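Below you'll find the structure, written out as structure tokens, and then a few comments.
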Amino acid sequence: MASLPINFSTFEWNLLSSGPTIQPMGYLITAFVVFLAAYIIRPINPNPKDLPFLNPPKSWLGLKEKRSFYTLSTELLEKGRSRYPDRPYRIFTDIGEIVMLPAKYAHDIRNNPNLSFGRAVHKEFNGDIPGFDVFKIGGSSDQLLQVVARKELTKSLARATDPLTREAALAMSINFGESQDWHEISVKPAALDVVARMASRIFLGLPLCRDDAWLHLTKEITVNVFLGATMINIFPPPLRRFVHWFQPHCRKVRQQTVEGRRLIKKVTQDRQNLKDAARAAGQSPPEFHDALEWAEQEAAAKGIKYDPAQFQFALSSAAMHTTTDLLTQCILELAHHPEIIAPLREEISRVLKTEGWKKSALYNMKLLDSVIKESLRMQTPHATMRRVTEEEVVLPDGSKLPKGVFFMVDASSRRDMNVYENPESFDGYRFLKMRSQGKENTAQLVSTTPDCLGFGHGEHACPGRFFASNEAKIALCHFLLKYDCKLGPSRAVKNNTQGFTYPSNPSSKVMVRRRATMEIDIDSI
């Protein structure tokens, strides 16, 4: 899932303060009634009481514990591992009480049919609240999002390479500039725009992928969705149905959803008009090779209704900001480790000279693959593989998780010295060396293992990771061949811990300049 910057020091604990004007007495009475009702009908916690509880809340709301976890999750999870080594335990987090499973269970539970990823996302991000419908799509029974990602998006990777590289060229020029003088840029906003443009080219195609209104909307709504969910998760589930009407980010999401529907409706109507006109003229209707068309065809084949705008927002939520975080981390690591830039340029230019943009080219950029996977390892969330049990599940140690339990898997193995040599240090060659040690399959960026859970693992591993891999590689090919980069006076800021996530810091800056010459003219390939 996406990881987004939130400044908890200015966290909006009084979520109703910026809502519409309400008379104080009326507000107090309404709030009291809703609060009382929520307390009376509060759901029974299904979490097993026989599991140890690391940090039980001292109050019903547990505000202190939620805030503590959001800012100090690294220390709390380390405390949990130390106190309950290789054992499941309960922990109170910024999203409430959950069960934490040790990393060694990742392989055991990866394909269990009684575990639902969709219900976990729906529960964590309040999929029943207006505007948060995007979190219904990924978990819906028709699996439309997963089918489009696995079946159509992955199948079209070869066809997508050319439009992706064309869009990357434009996006790099817009965000990193053409000046051959050193200048400082904020990495994350630039990376976000690059990814938004590249992804929209494949998700929506021309001309909407270059529409400023759409690009602004698709970047902003995902931020607001995650911020809104984080804000209202302060409250118990029954109260969230009341609070969201007043919370600024939630209100913004509803407004942006309306605007998104307007933009998407125009595109779908224009396409339908073109198809109708072609058929009326006795011609074959035009074909569109993008996710908007794939979803339309898949929904029609299954006889299901779907909202094209919400589907696009779901794609953005699932892919755009996670890939942005990865690209940001890669650029920051390049600035911190300039010694690896020349070998990367040599590999990229050599492969492109002999293979062009063929499907095999990106696969054969093995050092680049290793650098990206190492960047992913360095900023993998503290825990992943979120699931909700749909039936009682018995764990390998005999522990039982009743139906309805929300759990996650500890991802600490990414920093385990028993798994990785010098795990706290970035080594761009790490996974390239692993390939030569007989681990060709598990060392690839798109491979999932219990030791590197950046894309999850098992049946519900990220279905769009093959596209994300190609997207990141193409973007970095353009960046490395066209730009020099180095740390500047502002330096790069360390990643923030934000609950379970460990995203690249949006304040990080690097110095860049356009190179006078390139090893190969990447734009002419």
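Each value in this text was obtained by applying a stated rule to the coordinates, not by laboratory testing. These numbers come from a predicted model, not from an experiment. Quick reminder, even Gly has a Cβ in these numbers, built from the backbone with ideal geometry, and neighbours come from all protein chains shown.
Structure data summary
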quantity: Net charge dipole size for segment 58-200 [Lys, Arg +1 and Asp, Glu -1 on Cβ; Debye, nearest 20]; calculated: 760 debye
quantity: Likely footprinting exposure, R513, R415, R386, fewest C-beta neighbours within 10 Å first; calculated: R415, R513, R386
quantity: Between segment 328-392 and segment 146-209, the alpha-carbon center distance in angstrom; calculated: 16 Å
quantity: Peptide ranges 439-452, 215-228 listed from the most packed, as the mean C-beta count within 10 angstrom indicates; calculated: 215-228, 439-452
quantity: For A168, net neighbour charge (Lys/Arg +1, Asp/Glu -1) across residues whose Cβ lies under 14 Å away; calculated: +1
quantity: Global geometry of segment 181-296, whether rounded, prolate or oblate, following the gyration tensor of its Cα atoms and the 1.5 cut on a/c; calculated: oblate
quantity: Eligible aspartates and glutamates near K400 by straight Cα distance, threshold 20 Å, same-chain separation 8 or greater; calculated: D50, D86, E97, D108, E390, E391, E392, D410
quantity: Taking S425, S156, S413 and counting other C-beta atoms within 10 Å, the order from fewest to most; calculated: S425, S156, S413
quantity: Global geometry of segment 299-437, whether rounded, prolate or oblate, following the gyration tensor of its Cα atoms and the 1.5 cut on a/c; calculated: oblate
quantity: Under 17 Å from K302, Cα to Cα: lysines that are on another chain or at least 8 residues apart; calculated: K151
quantity: Kirkwood Rh, angstrom, the chain [1 / mean 1/r, Cα pairs]; calculated: 24.4 Å
quantity: 18 Å reach of a label modelled at S490, 7 Å along Cα-to-Cβ, counting backbone N of segment 359-381; calculated: none
quantity: Test item: Cα-centred dipole of the chain, Lys/Arg +1 and Asp/Glu -1 on Cβ, debye; calculated: 640 debye
quantity: Aspartates and glutamates whose Cα lies under 15 Å from that of K494, excluding same-chain neighbours fewer than 8 positions away; calculated: D325, E333, E424
quantity: Long pairs among K104/K433; K104/K252; K66/K155; K275/K373, criterion Cα-Cα beyond 31 Å; calculated: K104/K252; K66/K155; K275/K373
quantity: Part-to-part distance (alpha-carbon centres) for segment 263-294 and segment 471-525, which is given in Å; calculated: 38 Å
quantity: Shape call, segment 254-352: gyration tensor on alpha carbons, a/c limit 1.5; calculated: prolate
quantity: Peptide ranges 278-288, 181-191, 46-56 listed from the most packed, as the mean C-beta count within 10 angstrom indicates; calculated: 181-191, 46-56, 278-288
quantity: Given charges at Cβ of Lys, Arg, Asp, Glu: segment 257-381 dipole, positive-most of S316, A291, H337; calculated: A291
quantity: Stokes-Einstein D for segment 403-515, Kirkwood Rh over Cα pairs, 20 °C, 1.002 mPa s (µm²/s); calculated: 126 µm²/s
quantity: Among 195-201, 394-400, the order from most to least packed when residues are scored by Cβ within 10 Å on average; calculated: 195-201, 394-400
quantity: Calculated P(r) of segment 140-224 - Cα pairs past 21 Å, %; calculated: 41 percent
